[in-house]
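Nothing in this text is a laboratory measurement; each read-out follows from the coordinates by a stated rule. This is a predicted model, so every value here is computed, not measured. We place every Cβ from the backbone using ideal geometry, glycine too, and count neighbours over all the protein chains shown.
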Amino acid sequence: MTKIARDRPVITVVNVFTVEPENQQRLIDLLIKAINVAIRHMPGYVSANLHKSLDGRNVVNYAQWRSQEDIDTMMKDGTVQELMQDVQKLATAASQLYQVVYTDEVFQRPPTTAQPLPRVGSA
């Protein structure tokens, strides 16, 4: 399971793929194949998470890697390049590297306990 945390030593790659709605599922299938066949076996790989837009026009991959060098090595890998050729035929991609600076979720907050309201007129 992907862990998003400020203190986690990873580089986050966000890939936004733009695709025709009728090709969205095919794109997802190709990305899953690339991840399972090659990418997940590369040094420095931590995680990949695919998200599909509700309008069918985008697929986002939120991926985590140990380092920029590991990402560069993956991008130069012949098997990865071969698998990504089919992806490039279906979609355009915009990629950016990120570092987590803040996270929040309800499960991180301490539980609150309801305090009874004071009675009117009581001391």
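Here are the numbers for this structure:
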{"read-out": "Charge dipole (debye, nearest 20) of segment 1-54; +1 at Cβ of Lys and Arg, -1 at Cβ of Asp and Glu", "value": "260"}
{"read-out": "Computed over segment 11-102: relative contact order in percent, which uses C-alpha pairs under 8 Å that are six or more apart", "value": "47"}
{"read-out": "Potential extension, residue 76-residue 95 segment - 0.36 nm per residue separation minus Cα distance", "value": "5.3 nm"}
{"read-out": "Estimated vicinal HN-Hα couplings, Hz - segment 23-39 in sequence order (Karplus 6.51, -1.76, 1.60; Gly, Pro = x)", "value": "10, 4, 5, 4, 4, 4, 4, 5, 5, 4, 4, 4, 5, 6, 7, 10, 4"}
{"read-out": "Burial ordering of 30, 90, 97, 54, fewest other beta-carbon atoms within 10 Å first", "value": "54, 97, 90, 30"}
{"read-out": "Computed E for residue 66/residue 18 - FRET, C-beta separation, R0 30 angstrom, nearest 0.05", "value": "0.60"}
{"read-out": "Cα shape, segment 1-48, gyration tensor, a/c 1.5 rule", "value": "oblate"}
{"read-out": "Pairwise label distance in nanometres, residue 102 with residue 119, each label 7 Å out on the Cα-Cβ vector", "value": "4.4"}
{"read-out": "Karplus-derived HN-Hα couplings along segment 42-56 (A = 6.51, B = -1.76, C = 1.60, θ = phi - 60°), whole Hz, x at Gly and Pro", "value": "7, x, x, 5, 10, 6, 9, 9, 9, 10, 10, 6, 5, 8, x"}
{"read-out": "In nm, spacing of pseudo-spin labels at residue 85 and residue 2 (7 Å Cα→C-beta vector)", "value": "2.8"}
{"read-out": "Tilt relative to the chain, helix 78-90 - C-alpha long axis, 0 to 90 degrees, to 10", "value": "80"}
{"read-out": "Estimated inter-spin distance, residue 52 and residue 29, nm [label 7 Å along Cα→Cβ]", "value": "1.1"}
{"read-out": "Estimated 222 nm signal from helices in the chain, with DSSP H stretches of n ≥ 4 weighted -39500 (n - 2.57), rounded to 500", "value": "-9000 deg cm²/dmol"}
{"read-out": "Among (1) 77, 35, 21; (2) 52, 23, 21; (3) 46, 32, 31, the entry derived from the coordinates for Cα extents along the principal axes in Å", "value": "(1)"}
